[in-house]
1. What is the Cα centroid distance between the range 166-227 and the range 7-29, reported in whole angstrom?
2. Could you check the spin-label model distance between residue 249 and residue 85? Points 7 Å from the Cα along Cα→Cβ, value in nm.
3. What's the angle, to the nearest 10 degrees (0 to 90), between helix 223-250's Cα axis and the longest principal axis of the chain?
4. Of the candidates 240, 227, 195, which one comes out as most mobile in a Gaussian network treatment of the chain with C-alpha springs shorter than 10 Å?
5. Under the classification rounded if a/c is under 1.5, otherwise prolate if a/b is larger than b/c and oblate if not, where does the range 94-169 fall, given a ≥ b ≥ c as square roots of the Cα gyration tensor eigenvalues?
6. Identify which of 123, 205, 141 has the largest mean-square fluctuation in a Gaussian network model of the chain, with springs joining Cα atoms closer than 10 Å.
7. If we count other beta carbons within 10 Å of each Cβ, what is the order of 219, 166, fewest first?
8. On full extension of the chain, what length is gained from residue 120 through residue 163, given 0.36 nm per residue of separation minus the C-alpha to C-alpha distance?
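Here, each number is a calculation from the coordinates, and none is a lab measurement. Owing to the predicted nature of the structure, the values given are computational and were not obtained by experimental measurement. All Cβ positions, glycine included, derive from the backbone under ideal geometry; neighbour counts span all protein chains shown.
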Amino acid sequence: MSVLARDTYTVFARAMRMSLRNPAWLVISLMQPILYIVLFGPLLEPLSGQLGSGNAYQLFVPGILVQLGIFGALFVGFGLIAEYRAGVIESQRVTPASRTALLLGRVLRDVVVLLVQGTLLVLVSIPLGLRAPVLGVLLTLVVIAVLGAAFASISYALALTLKSEDAFAPLLNAFVLPILLLSGILLPMTLAPGWLQAVSDVNPLKHVVSGTRAFFDGDYGSATAWWGAALTVALGVLGWAFGVRRFRAESS
């Protein structure tokens with residue numbers, strides 16, 4: 001086993017133990033998207049034809065999964081700020097552990113949590129009316145994993161930069177609302193006026209949402225599906241590069 005793999009597993013195991021010891025926040029973070037599915041989903045059924053689908057849940061559930069991948073990962077930085085204040089980060093800095101592993105282990109924990117939550121969300125949606133191909137669901141979960149890794153890396157990097165919940169929380173809140181409105185997570189942007197569609201077109205997350213909806217429709221060969229997947233990979237690379245650079249700078 002390489003040094004990087006060993007150090008990554010050590011950090012991952014510690015982070016996962018901490019999550020399992022306090023599972024309340026995992027349940028709470030899953031409750032919001034489930035409430036969206038249960039309470040907001042039925043309101044879309046009468047609009048199924050206008051939305052371009054016979055099953056509103058095929059449009060709504062992929063968007064909620066993307067929301068889970070983004071927002072579930074964006075808020076992990078709060079935990080890192082608490083660790084920084086408790087001296088955990090300082091203790092890890094003086095060890096010979098790889099700085100990349102310090103980030104990778106935490107991100108892997110976040111990805112595992114997101115995949116479990118995403119799977120539960122799909123299972124909850126099935127009795128409510130979701131009909132989607134298994135391959136499309138699996139491909140969407142892969143997209144969510146990469147997207148979650150990107151935003152978790154960004155969240156950790158920002159947390160290390162700001163080191164304060166008072167600064168971190170307003171920054172996230174300023175970022176969350178435009179994403180929610182302009183990415184078409186709740187409703188497809190085809191329902192928006194032309195000027196708002198033009199604004200949303202420059203938002204890469206709008207194309208990620210459209211791509212996951214194509215997967216849920218079983219449209220695996222469309223440019224929409226794979227353009228969304230490609231943008232997700234690009235976001236993953238950029239987010240990871242930002243996170244690694246910040247972790248290394250913090251340790252210098």
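1. 29
2. Those two pseudo-labels are separated by 2.3 nm.
3. 20
4. 195
5. prolate
6. Its mean-square fluctuation being the largest, the pick is 123.
7. 166, 219
8. 12.2 nm
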